[in-house]
Structures are given as structure tokens and as C-alpha cells.
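Take this structure first; my questions come after.
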Amino acid sequence: MYKVHCLNNISPVGLANLKEGYELTDDINEADAILVRSADMHEMEIPANLKVVARAGAGVNNIPLDKFAEAGIAVFNTPGANANAVKELVLAGMFMAARDIVGGIEWVKANADDPNVGKAAEKAKKQFAGGEIMGKTLGVIGLGAIGRLVVGAAEALGMKVVGYDPFLDAEKAAAISENMTFVTDLADLYPVCDYITIHVPAMATTKGMINAEAFAQMKDGVVFLNFARDTLVNDADLAAACEAGKVARYVTDFANPAVVKIPAALVIPHLGASTAEAEDNCATMAVNSVMAYLEEGNTFHK
Ligand code: MLT
């Protein structure tokens, strides 16, 4: 009997895929497999029987890959399984930046006791006027599972898209979208985009890649969306770029203490993958990876 421990809440729909021969355990010390979402595993002592870890999500920055590799423990993630959920929140972030939905709703809440709130709202609404995203240019940095869905959605909304991905060539980029302008240098993306969204993993090579030098090349008043990881952006340089008006809005899914008080920041509490559908998909893929590995030594996602 294989024992599976869940370090975070994992969707019961996914767990229901565990076949005969598997049982859930509350005791991590007897686990053959661990299912994890966002819990940080870096300081964790490795359980004696542990053979495999599967993250119900795409990023693996909460998992000490080298430590587990040295211990011979396989690690899986679930690329693509929550991509649609993240794409939808990126679109919501773009709309929130284009139209002052958040400011308007806060105004109505603050005036909810006014019996003439409707009339007052008609007067107040000027301050919440916005713009449209149709016809604007979106830069997509990283054309993996999420980035390429964002490209399609943005084009369907009438946006022009400029895409960048160091792992693709023009032919592969054209297969994502023939209308997208594919660039091989971010210096060609930054200056032409009204909105920029980043979808790359957190790694040593991407840490702080959105810095003063990058902001300096962007259009004045750019909207920057970060639903990937907060370490990609240099906090001090972001604060300075917002203060200077270079960045009109920074929409992010990460409640980083250095960012939450920046007036131009719209901060969401890491909800990108928090949909029932994404949680079910990720958990199902994670469970299937664990079983394929334990039974067949399969290191590919099924
Ligand atoms: C991801 O890496 O896919 C997300 O951050 C998952 C999550 O929200 O747990």
C-alpha cells in the first residue's frame, strides 16, 4: 500500500483518482508520496520512505529541487493544468487597469449610507473614467502554456500582441499566432507596448529581470502585469518607476510587502490558479504523475 500525504489542501476531485493500493496519510513520516501546493518545502526533513513529490501547480520555487534530486526523489509539477485560470485573471487585471473598477466599487461602498448614492455616483463617476484595451498593444514575455493563452485572448479582444520567448524561434511563434509580432530581444518589445504581462518561471536567471533598465525602455504610463512570481521584478526599481509615472499601474498576484503600499499597485492575493476547475485539473495531473512514477517509474506527465 502506497501512502500519500497532502501538505496543502488538495482537491478531492483529484484525490479521487488515487487507485486501489493507495491511501492518504496524515503522518508525513510514512509518506511514499507528497502532494503539495504552496507550502515551502525547503526546510523540511525528508521522510525516510519518500519517493516522489508532486506540486499541484506550475511553479516549483517552493520545492528544493537539488536537495530532492540528491536524495533520489522525483519531483513533478502540473504545467498547463491551471493555465486557463491564470489567463482569465490576467484579463481581469488588464480590465481593472483600463477601467477604474476597483476605485469605483470602493467609492460606492464608502457612500453606501447616502440615500442619494445613485445621484452622487453620477457626479462622482468622472474621476473613474478609463480607456479601452481594443487597439492597444500587449507585450507577452514568455510564451509557455499561460502566455500563449493570453496571446489568443488578447487578440480576440482586438489587441495587437508582441511576443517574446528565448526558447522559441519565429516558426514556433507563428504556430501560436500568425498575427503576433515575435521579437527575439526585449528591447524591441518594451518601447511599443501599452500593456506588458510576464509569464516566465522564477529562476536565478529571471530574478529581478524587470529592473530600472527594463522600465526605462518602456512607454510612459505602461501597465505592467505580473501573475508569474514577484521575484521577477526588482521592488525598488518598480517603486521608482511607479513614482515617476513610468508605470501607471502594476497589477500583480503577489502580496509582497514592498509593493502593497505603492499607490499604482493593484494587488491580488495569489488567486491566479484559485478556481475549482484549475484545482481539480492540477490535483488530477499531480495524482496521475505520482501513480505513474510509483508503478512504472514514469517520469513523464500522463
Ligand atoms: C502555479 O505555480 O501554478 C500557481 O502559483 C499555483 C497556485 O496558486 O498554487
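Report, by chain and number, residues whose modeled amide H sits under 5 Å from the one on Cys193, excluding near sequence neighbours (fewer than 5 apart, same chain).
Under 5 Å from the amide H of Cys193 lie the amide H atoms of Lys219, each far enough along the sequence or on another chain.
Using the Karplus curve 6.51 cos²θ - 1.76 cosθ + 1.60 with θ = phi - 60°, what ³J(HN,Hα) values do you get for each residue of segment 54-63, in whole Hz, with x for Gly and Pro?
10, 9, 7, x, 8, x, 10, 6, 8, 10
Looking at segment 1-42, which GluC sites (Glu not before Pro) are DSSP coil and have at most 10 other C-beta atoms within 10 Å of their C-beta?
Sites meeting the loop and neighbour criteria: Glu20.
If you take the beta carbon distance between Lys261 and Asp185 as r and set R0 to 35 Å, what does 1/(1 + (r/R0)^6) give as a FRET efficiency, to the nearest 0.05?
Details: r = 34 Å, r/R0 = 0.96.
In this case the efficiency is close to 0.55.
Can you check what the net charge comes to around Phe227, using other residues whose Cβ is under 15 Å from the Cβ of Phe227 (Lys, Arg +1; Asp, Glu -1)?
+1
List the residues whose amide H sits under 5 Å from the amide H of Gly163, counting only those 5 or more places along or on another chain, with H placed 1.01 Å from N in the peptide plane.
HN-HN under 5 Å from Gly163: Val140, Thr181, Phe182, Val183.
Now a separate question. Measure nothing but the geometry: give the 0 to 90° angle between the long axis through the Cα atoms of 276-296 and the longest principal axis through the Cα atoms of the chain, rounded to 10°.
In the chain, helix 276-296 runs at an angle near 30 degrees to the longest axis.
For helix 101-110, what angle does its Cα long axis make with the longest principal axis of the chain, in degrees from 0 to 90 and rounded to 10?
The angle comes out near 80 degrees.
Where in segment 252-286 does the amide nitrogen come within less than 14 Å of the point 7 Å from the Cα of Leu24, taken along Cα to Cβ?
Answer for this model: 280, 283-284.
List the aspartates and glutamates whose Cα lies under 17 Å from the Cα of Lys19, skipping any in the same chain that are fewer than 8 positions away.
Asp32, Asp280, Glu295, Glu296
Any idea what angle helix 145-156 forms with the longest principal axis of the chain, computed on alpha-carbon atoms, 0 to 90 degrees, nearest 10?
Long axis of 145-156 versus the principal axis of the chain: about 30 degrees.
Can you give the percent of C-alpha pairs in the chain whose distance is more than 30 Å?
Above the 30 Å cut-off, the chain has 41 percent of its Cα pairs.
Further question on the same structure: Taking only DSSP H segments of four or more residues, each worth -39500 (n - 2.57), what value at 222 nm results for the chain once the sum is divided by all its residues, to the nearest 500 deg cm²/dmol?
-9500 deg cm²/dmol
Using the Karplus curve 6.51 cos²θ - 1.76 cosθ + 1.60 with θ = phi - 60°, work out ³J(HN,Hα) for each residue of segment 68-83 in order, rounded to whole Hz, and write x for Gly and Pro.
Ordered by residue, 3J(HN,Hα) equals 6, 4, 4, 7, x, 9, 6, 10, 10, 10, 10, x, x, 5, 10, 4 Hz.
What residues have an amide H closer than 5 Å to that of Gly272, excluding those fewer than 5 places away on the same chain, when H is modeled at 1.01 Å from N in the peptide plane?
Sorted by chain and number, the residues that satisfy this come to none at all.
With a sphere of radius 12 Å drawn around the Cβ of Asn77, what net charge do the other residues whose Cβ falls strictly inside it have (Lys, Arg +1; Asp, Glu -1)?
Once all neighbours under 12 Å are counted, the net charge is +2.
Just flag the chymotrypsin sites (Phe, Trp or Tyr not before Pro) in segment 224-302 sitting in loop per DSSP whose Cβ has no more than 10 other Cβ atoms within 10 Å.
The qualifying sites are Phe300.
In segment 83-267, if the dipole is taken from +1 on Lys/Arg beta carbons and -1 on Asp/Glu beta carbons about the Cα centre, which of Tyr164, Gly104, Ala241 is farthest to the positive end?
Result: Gly104.
Filter Lys136/Lys246; Lys87/Lys126; Lys109/Lys136 down to the pairs with a C-alpha to C-alpha distance above 20 Å, please.
Numbers: Lys136/Lys246 17 Å; Lys87/Lys126 30 Å; Lys109/Lys136 31 Å.
In this structure, Lys87/Lys126; Lys109/Lys136 lie more than 20 Å apart at Cα.
What spacing in nm lies between the two simple spin-label points modelled at Glu70 and Gln127, each 7 Å away from Cα in the Cβ direction?
The two pseudo-label positions are separated by 5.7 nm.
In addition: Determine the gain in length on full extension of the stretch Glu277-Asp169; use 0.36 nm per residue of separation and subtract their C-alpha separation, reporting nm with one decimal. Intermediate results must be reported in sequence, preceding the final value.
Numbers: separation 108, 0.36 × 108 = 38.88 nm, distance 3.21 nm.
Residue separation times 0.36 nm, minus the Cα-Cα distance, leaves 35.7 nm.
Starting with the fewest neighbours, write out Cys193, Cys282, Cys242 ranked by other beta-carbon atoms found within 10 Å of each beta-carbon.
Working: Cys193 23, Cys282 28, Cys242 20.
Fewest-to-most ranking of Cys193, Cys282, Cys242: Cys242, Cys193, Cys282.
Now for a different question. From the phi of every residue in segment 263-271, what ³J(HN,Hα) in whole Hz does the Karplus formula 6.51 cos²θ - 1.76 cosθ + 1.60 yield, where θ is phi - 60° and glycine or proline is x?
x, 7, 8, 10, 10, 10, x, 6, 9
Might you report the magnitude of the Cβ-based charge dipole of the chain about its Cα centre, with Lys and Arg at +1 and Asp and Glu at -1, to the nearest 20 debye?
920 debye
List the relative contact order of segment 114-208 as a percent without decimals, with contacts defined as Cα pairs under 8 Å and 6+ residues apart.
It rounds to 32 percent for segment 114-208.
Now, a different point. Just to confirm a number: summing +1 for Lys and Arg and -1 for Asp and Glu over residues other than Val117 whose beta-carbon lies under 13 angstrom from that of Val117, what do you get?
Its environment carries a net charge of +1.
Since every read-out is calculated from the coordinates, none of them should be taken as a lab result. Remember, predicted model here, so these are calculated numbers, not experimental data. FYI the Cβ positions are ideal-geometry reconstructions off the backbone, even for glycines, and counts take in every protein chain you see.
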